[in-house]
Amino acid sequence: MFGLNYHYIRNDYALNLLDVKLTLRDYKHIKFKTSVLENIISASEINGKYFEIDVPRQIFYKAINVEFELYHLRSKIQLNDFYLSKDISESWKFTTFYYFLFFSNVALHRLLNRGYLYLDQSSATNFSSTLNVFLPYVTKLGSGNWSFKKISETTSTVKIELKQVGSNLHQLVWQDLILTLKHFTTKASTKPGDPEKSILDSIYNNVKGRQGFSPSETRNYLNYMSEVALEEIDNKILCPQNKIDNFIKNLSSFNYVDNLSSKINLSIIVGQYLFIINKKIIDDIQARDKNQFRLLNKDKKNYIS
């Protein structure tokens, strides 16, 4: 399942992390929304819709590395909890799994040099002050969610697009993943029967255009709706604790129908795929430099390997 698309992810994104040298202290002090936004070299507003900022390349990739690794570690912790949750309700098992999926999704998109930031009022005020150094007018930003993505780079700087977005972050992240999966299908081999292409096509075809489905909406239903108690009592909810080693089997036997069971199972398949890709990237980079991903090396509890 690691074909041309995987090589695209590794070569265009992951290999940039080999230039990053981190200490364990960096994981506590480097944050994207502070380290990057406090080191802006230049800034401009584009058509009154979003900002473009230039930041030092080294700082950008340090922040990407730290957050990719931290979110991956969070996903490992959630997955460990999911596998250990034998005696809790099926609905709470899914909630535990959902955050595994969410953190895996955020980690992948950090690796792909894009994602979302929440700026509280203090951070927004600091960002406004920095922008005002470069803009020909005074801007005053409020708190809220922002999307970011790298749009270009030189040997010394990275240009980032920053845009204020809506409040439903979990839905935004999910919609981004659907677009990412679509893009991945175009990067895979076009040879008939290519395993990676078949896997990507199957996942993408199952998630695209399903207006009534998203993992976060499934989680919301199981978390907050009172009638879930009746479904639990009647054993109508099942959140299977499928092992990641069985991912291909789980995917090949899956057939979506519009019900809760399918929504749970599709969420599990998507989460497993994201984790597999992230872990493969980490293993690949560590095979080239064993000192990379220091925090994961320090993981004494050895959550799910």
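Every number in this text was worked out from the coordinates using simple rules, so none of it is lab data. Keep in mind the model is a prediction, meaning the values are calculated, not measured. Cβ atoms come from the backbone with ideal geometry, glycine included; neighbour counts cover every protein chain shown.
Here are the numbers:
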{"item": "Computed P(r) (all Cα pairs; segment 227-300; 5 Å bins; percent)", "result": "3, 13, 17, 16, 13, 12, 9, 7, 5, 3, 1"}
{"item": "Most fluctuating residue given options ILE268, ILE199, ILE64, as computed from a GNM of the chain linking Cα atoms under 10 Å", "result": "ILE199"}
{"item": "Helix runs (DSSP H) in the chain reaching 18 Å along axis by Cα, Kyte-Doolittle at least -0.5", "result": "57-84, 90-111, 121-134, 169-187, 195-207, 260-288"}
{"item": "Proximal aspartates and glutamates relative to LYS93, as straight alpha-carbon distance under 13 Å, when same-chain residues fewer than 8 apart are discounted", "result": "ASP81, GLU232"}
{"item": "Proxy reagent accessibility, fewest Cβ within 10 Å first, across PHE184, PHE2", "result": "PHE2, PHE184"}
{"item": "Mean ellipticity per residue at 222 nm, deg cm²/dmol - from DSSP H runs of n ≥ 4 across the chain, formula -39500 (n - 2.57)", "result": "-17500 deg cm²/dmol"}
{"item": "Relative exposure of ASP299, ASP258, ASP26, ASP176, judged by other C-beta atoms within 10 Å (fewest first)", "result": "ASP258, ASP299, ASP26, ASP176"}
{"item": "Cβ-derived FRET efficiency at R0 30 Å, GLN164 paired with SER189, nearest 0.05", "result": "0.20"}
{"item": "Potential extension, THR34-THR139 segment - 0.36 nm per residue separation minus Cα distance", "result": "35.9 nm"}
{"item": "Residue order, fewest to most surrounding Cβ atoms within 10 angstrom, among TYR137, TYR204", "result": "TYR137, TYR204"}
{"item": "Protection proxy ranking of 231-241, 209-219 - average other beta-carbon atoms within 10 Å, highest first", "result": "209-219, 231-241"}
{"item": "For segment 4-293, convex hull of alpha carbons as volume per residue, Å³", "result": "158"}
{"item": "Efficiency of FRET from Cβ geometry, SER226 and SER253, R₀ 41 Å, rounded to 0.05", "result": "0.80"}
